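Working notes, beginning with the structure itself.
FYI, it's all coordinate maths here, none of it is from the lab. Bear in mind that the values here come from a model prediction, so they are computed numbers and not experimental data. So basically every Cβ, Gly included, is an ideal-geometry build from the backbone, and we count neighbours across all protein chains shown.
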Amino acid sequence: MKEIKNICCIGAGYVGGPTMAVIALKNPHIKVNIVDINKERIDDWNDEDLDLLPIYEPGLAEVVAQTRNKNLFFSTDVKKGIQEADMIFISVNTPTKTYGKGKGQAADLKYIELCARQIAEVATDDKIVVEKSTLPVRTAEALKSILSSTGNGVNFEILSNPEFLAEGTAIDDLMNPDRVLIGGDDTPTGQEAKDLLSGIYEAWVPKKQVLQTNVWSSELSKLTANAFLAQRISSINAMSALCEKTEADVDEIARAIGMDSRIGAKFLKSSVGFGGSCFQKDVLNLVYIAKSYGLDEVAEYWDQVIKLNDYQKRRFADNIIKNSYNTVSGKNIAFYGWAFKKETNDTRESAAIYVADHLLDEQANIVVYDPKVTAERIYADLEYLNTHSPEEIRERVKVVNDPYEAITGAHAIAVLTEWDEFINYDWEHIYKLVLKPASIFDGRNILEVGHLKKIGFSIKNIGK
Ligand code: NAD
Ligand code: UDX
């Protein structure tokens with residue numbers, strides 16, 4: 001069997017960077033080149049100051065420190081990366097389409113197609129091409145068609161190897177995955193390719209956790225996993241609305257049902273709504289795929305997961321308004337957190353963006369503090385929505401680096417991300433700095449309600 005000595009990963013993002021860093025760490029005999037067209041991102045990955053890596057993930061800097069410029073390299077030379085590689089991972093972004101057919105639902109595969117065309121153009125010897133990006137079922141067919149169109153005698157074996165890491169725990173998830181999934185053809189060359197990729201993971205993952213399937217099952221498993229996870233959050237968030245009407249407590253319900261081993265305790269935390277670059281995009285894509293096969297009931301079923309999530313974000317913003325004597329116009333609302341979850345600087349689809357947008361509609365002033373997100377990112381997130389002018393956004397939204405400055409003179413505090421540090425703030429001091437009546441809207445149910453009530457705060461939780 002051919003030996004894999006050189007890997008190229010196209011796409012140095014949240015998946016490509018951490019995944020390849022761990023593969024390099026665990027396979028010191030393999031040279032791993034991560035290539036990207038974004039020069040600034042590559043420069044950041046190469047920055048001597050590990051605090052300036054483009055992605056914040058606990059443990060990532062340590063892995064990069066051990067591997068970078070030994071057997072892990074970051075470069076903008078995509079062609080060279082492809083030429084040298086025995087195995088090429090495609091880990092580029094596959095966002096929701098913003099134009100044309102499938103706008104707002106289908107995955108935009110233009111970056112994937114560009115990669116395939118570039119591989120076809122540059123490769124002069126046989127390659128294994130691995131889909132690492134999350135892709136619609138049957139994308140491998142399109143890739144195969146592009147790759148085999150050159151007629152230059154180069155053979156490409158296509159594998160699907162979706163990534164299940166979650167941001168904020170990426171390194172831990174990669175080091176101890178529940179499973180690794182590898183889909184490929186059942187032909188002798190397909191089997192050989194699957195075994196070669198399995199071998200790379202088996203450097204640290206127990207063999208029984210490396211699953212091999214056909215390509216289509218692998219592609220569709222990834223969308224299914226994300227849809228099931230997102231559905232759990234929408235399900236518990238639906239119950240949170242009912243709890244608020246009935247004096248039931250959503251966290252008590254989550255605990256009670258989570259102890260049923262058939263349901264399980266994870267992913268039952270009610271919140272202001274899920275965010276992140278994956279759940280919404282992948283569920284919408286599933287809706288689109290189902291519709292395109294004429295499976296309207298299936299499409300509608302999954303679409304409800306998104307509708308409920310939109311409702312939850314809106315409900316949270318409406319609750320702030322309702323409990324602020326029905327107006328937030330000219331009032332200062334302090335946001336604790338902007339990232340879509342703790343331990344990441346990623347803000348893609350963060351609930352905070354949509355809550356802020358709704359409050360801006362009502363002419364609120366917003367002051368944001370997030371331990372990892374930059375002001376430029378926050379302004380860019382709001383400007384991207386195109387609902388308020390850049391001037392209005394900069395006038396109404398202030399971003400500060402000090403959590404106590406954020407709440408000084410605030411009419412209300414809204415917790416949007418579950419950063420641990422928020423729990424341990426000096427809430428007695430905060431009480432003195434905010435306007436009275438002092439209100440907190442905890443969109444993550446992390447703060448200690450009894451303690452805060454004793455200080456004098458009025459606190460509104462999700463599902464209580
Ligand atoms: P990302 O946007 O962080 O990174 C993608 C990178 O690909 C960018 O740096 C971009 O410049 C680069 N790129 C795009 N086209 C290119 C080309 N033709 N040549 C070279 N570089 C190119 O995206 P991400 O979050 O890493 O996600 C990548 C894929 O992995 C997506 O399909 C996503 O759905 C999937 N995924 C993401 C996560 C996650 O937690 N972020 C988890 C599992 C799976
Ligand atoms: C998700 C999947 O978990 C991961 O397997 C996949 O590879 C990529 O998509 P990610 O989006 O990084 O990972 O984070 P995740 O932990 O799943 O959280 C997504 C969103 O759901 C966050 O906004 C989080 O705050 C929210 N969430 C999560 C809840 O509201 N309640 C929960 O119980 C869990």
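Okay, here's what the table says:
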item: Whole-Hz ³J(HN,Hα) from phi, Karplus 6.51 cos²θ - 1.76 cosθ + 1.60, for the stretch 160-173, glycine and proline x; result: 10, 9, x, 9, 10, 4, 10, 5, x, 10, 4, 5, 4, 4
item: Å³ per residue enclosed by the Cα convex hull of the chain; result: 157
item: The stretch 212-351 shape via C-alpha gyration tensor axes, a/c threshold 1.5; result: prolate
item: Cβ-based charge dipole, the chain, positive-most Cα from GLY13, LEU359, THR134; result: LEU359
item: Sequence-distant aspartates and glutamates (8 or more away, or on other chains) whose Cα lies within less than 16 Å of LYS5; result: GLU84, ASP86, ASP125, ASP126, GLU192, ASP195, GLU202
item: Shape call, the stretch 307-461: gyration tensor on alpha carbons, a/c limit 1.5; result: rounded
item: At most 14 other Cβ within 10 Å, DSSP loop - chymotrypsin sites (Phe, Trp or Tyr not before Pro), the stretch 280-325; result: TYR293, TYR325
item: Span-rule helices in the chain, defined as complete DSSP H runs reaching 24 Å or more along the axis (Cα) with Kyte mean at least 0.0; result: 215-246
item: Reachable aspartates and glutamates, given that their alpha-carbon falls under 20 Å from the alpha-carbon of LYS245 and they are not under 8 places away in the same chain; result: ASP310, ASP318, ASP442
item: Reach of LYS453 by Cα under 12 Å, taken over aspartates and glutamates that are not fewer than 8 positions away in the same chain; result: GLU428
item: The chain: relative contact order in percent, alpha carbon pairs under 8 Å with at least 6 residues between; result: 12
